[in-house]
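Working notes for the structure below.
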Amino acid sequence: MTNEEWGLVRNKLHKAVGQNNYTNWIEPLEFADLKNGVATFLVPTNFMGNWVDRNFGDKIMRQMLGEGLKVSRLEFSAPSKAANTQPTKVSADTSVAPATAGKPSQEELPGAPLYDRFTFDNFVVGKPNELAHAAARRVGEGGPVTFNPLFLYGGVGLGKTHLMHAIAHEMTTRNPDLRVVYLSAEQFMYRFVQAIREKQMMDFKQLFRSVDVLMVDDVQFIAGKDSTQEEFFHTFNALVDQNKQIIISGDRAPGEIKGMEERIKSRLQCGLVVDLHPTDYELRLGVLQNKVNLYREQYNGLVIADGVLEFVAHRISTNVRVLEGALMRLFAFASLVGREITLELAQDCLGDILRASDRKVTVEEIQRKVSEHYNIRLSDLIGPKRVRTIARPRQVAMYLAKHMTSRSLPEIGRRFGGRDHTTVMHGVKRIDELKGVDDQIAEDLELLRRALEA
């Protein structure tokens, strides 16, 4: 076969596979030889040779035979490398798995460094993160891929990144040869853009499709970035097809990420989606106690008075990072001035953080959260309707307004459509009675309280 004949075959393939497939997979092929019925092509990487054979081998053979060429087999040869001196040879009539030869070494893999302190041993487990921790543990233990993908979501400073690092540490400890890549969605996008700019897309595809475990943090970053989403979609599918583990994190549930393609949302939701809830008092206290044990080694001899940790855990409810920063400030300040960490010192030293944490919950905010939680219109919540599906959420909102704001009963009544204060009293009393016997009401109150305090 001459280059002119190959040119005719390529023109027909262009029409058969479409512009994108032609540009990415057919155009880079370089015809080398046709001997004894074997057509040999030069390809940039072994990965590309295997991909072309699996997905377009039959079409290439069909077009070549249509031109009267005597071809019975295709071979794809990549440039020789130290780790891969043999060309990849695959037959067009045989289904071939991706070649393991030529895989990048662990040092060549993309990814961000892992923090040594982010392990399962250092992760404080409480009710808000119990399920996420259990799922992460299961994935970290390896074995058959169970949850694929595992999607962790929650607000800032709730432990998503810690769990992802812990999974990576656990996996590599159990199996040092496992090819685990952890990186942020921003880093994925940067490498993708760099590969396009430097015309190294085949190397990019081979890198990300050769890993055993792919972990992408803050996936919401690629929302609205169409080209990056396209490549992420294909990478995701390729790894799932190979039964490789994928772990993703985001700041909200997949279906709530604006600007994310529906097909990506669908795939992110096909595994296990786990929410890390806002921290409660017990969890915050546990985090502080754990950190105190670590800080004692660095600040030897410092004394912390009784009640200080409880005070900090109660007053600072934003997120764990703020909590840890506050404790670090206390230890550093007490060390510099040579004083015991007392309640008075904590109040003086953490004044700005405490003021920021003392966010006032408003009646309007409570009404909005309750209407969202029960999926009813805000106008109905404060309006005159008295049907049970509206009246019960209204009483829940009144109860929360009574206990979470400093507003008087008449003021609360006015914000609920000008109702009398006796109506508010009745609503508060009714919810007080129900929360002791109705588990659903008790759970709703707890969820709403956490959301409002977060």
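Residues are listed down the side, and each one gets a yes or a no for (1) at pLDDT 85 or above; (2) touching a helix residue (DSSP H, G or I) at 6+ places or on another chain (Cβ under 7 Å); (3) among the β-branched types (Val, Ile, Thr):
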{"site": "VAL312", "(1), (2), (3)": "yes, yes, yes"}
{"site": "ILE376", "(1), (2), (3)": "yes, yes, yes"}
{"site": "ARG392", "(1), (2), (3)": "yes, no, no"}
{"site": "MET404", "(1), (2), (3)": "no, yes, no"}
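Filtering SER249, SER227 for residues that are open to solvent by 30 Å² or more (accessible area, probe 1.4 Å), hydroxyl-bearing (Ser, Thr, Tyr) and either in a strand (DSSP E or B) or in contact with a helix residue (DSSP H, G or I) (Cβ under 9 Å, 6 or more places away or on another chain) (or both) leaves a single hit, SER227.
Inspect all residues belonging to region 361-375 and state whether any of them is assigned to a loop (DSSP other than H, G, I, E, B) and over 39 Å from the mean Cα position of the chain (by Cα). No; the residues of region 361-375 include none that is assigned to a loop (DSSP other than H, G, I, E, B) and over 39 Å from the mean Cα position of the chain (by Cα). Residues that are under 18 Å from ASP217 (Cα atoms) and open to solvent by 90 Å² or more (accessible area, probe 1.4 Å) within region 173-201 comprise GLU186, TYR190, listed in sequence order. Could you tell me which residue of region 146-160 is least open to solvent (accessible area, probe 1.4 Å), considering only residues that are farther than 18 Å from LEU452 by Cβ and in a loop (DSSP other than H, G, I, E, B)? Residue satisfying both the conditions and the ranking: PRO149. Candidates in region 234-246 are the residues that are touching a helix residue (DSSP H, G or I) at 6+ places or on another chain (Cβ under 9 Å) and open to solvent by 20 Å² or more (accessible area, probe 1.4 Å); of these, the one that is nearest to ALA166 (Cα to Cα) is LYS244. Looking only at residues of region 195-208 that are over 17 Å from GLN229 (Cβ atoms) and part of a helix (DSSP H, G or I), we find that the one that is nearest to the chain's Cα centre (by Cα) is LEU207.
Considering (1) closer than 24 Å to GLN289 by Cβ; (2) open to solvent by less than 20 Å² (accessible area, probe 1.4 Å); (3) at pLDDT 90 or above; (4) not in a loop (DSSP other than H, G, I, E, B), the lone condition that PHE120 does not fulfil carries the number (4).
When region 422-433 is filtered for residues that are in contact with a helix residue (DSSP H, G or I) (Cβ under 8 Å, 6 or more places away or on another chain) and either more than 16 Å from ILE390 (Cα to Cα) or among the hydroxyl-bearing types (Ser, Thr, Tyr) (or both), the ones remaining, listed by number, are THR423, MET425, ASP432.
Is it fair to say GLY413 is open to solvent by less than 20 Å² (accessible area, probe 1.4 Å), small (Gly, Ala, Ser), assigned to a helix (DSSP H, G or I) and free of Cβ contacts under 8 Å to residues at least 12 places away in the same chain?
Judged against the criteria, GLY413 is a match.
Collect the residues in region 384-410 that are in a helix (DSSP H, G or I), closer than 18 Å to LYS369 by Cα and open to solvent by 80 Å² or more (accessible area, probe 1.4 Å), keeping them in residue-number order.
Result: THR389, LYS402, HIS403.
Among helices (runs of 4 or more DSSP H) entirely within region 260-348, having at least 2 residues that are surrounded by 13 or more Cβ atoms within 10 Å (Cβ to Cβ) and in contact (Cβ under 8 Å) with a residue 40 or more places away in the chain singles out 262-268, 281-298, 320-337. Within region 153-204, the residues that satisfy the criterion of being under 30 Å from GLU130 (Cβ atoms), modelled with pLDDT under 90 and of a type in the set (Gly, Ala, Ser) are GLY154, GLY155, GLY157, GLY159, SER184, ALA185. Whether a residue is open to solvent by 10 Å² or more (accessible area, probe 1.4 Å) and in contact with a Ser or Thr (Cβ under 9 Å, 6 or more places away or on another chain) was assessed, and HIS165 does not pass this test. Selection of region 12-28 for residues being without any contact (Cβ under 8 Å) to a residue 40 or more places away in the chain and either touching a strand residue (DSSP E or B) at 6+ places or on another chain (Cβ under 8 Å) or farther than 19 Å from GLY66 by Cβ (or both) yields GLN19, ASN20, THR23, TRP25, GLU27.
The values are calculated or read from the model by the stated rules, or taken from the named source; none is laboratory data. Note that the coordinates shown come from a computational prediction; the quantities given were computed from them, not determined experimentally. As a convention, Cβ positions derive from the backbone with ideal geometry for all residues, glycine included, and neighbour counts pool all protein chains shown. The area values use the complete protein model at the heavy-atom level, side chains included, leaving out ligands, DNA and RNA. Shrake-Rupley method; radii C 1.70, N 1.55, O 1.52, S 1.80 Å.
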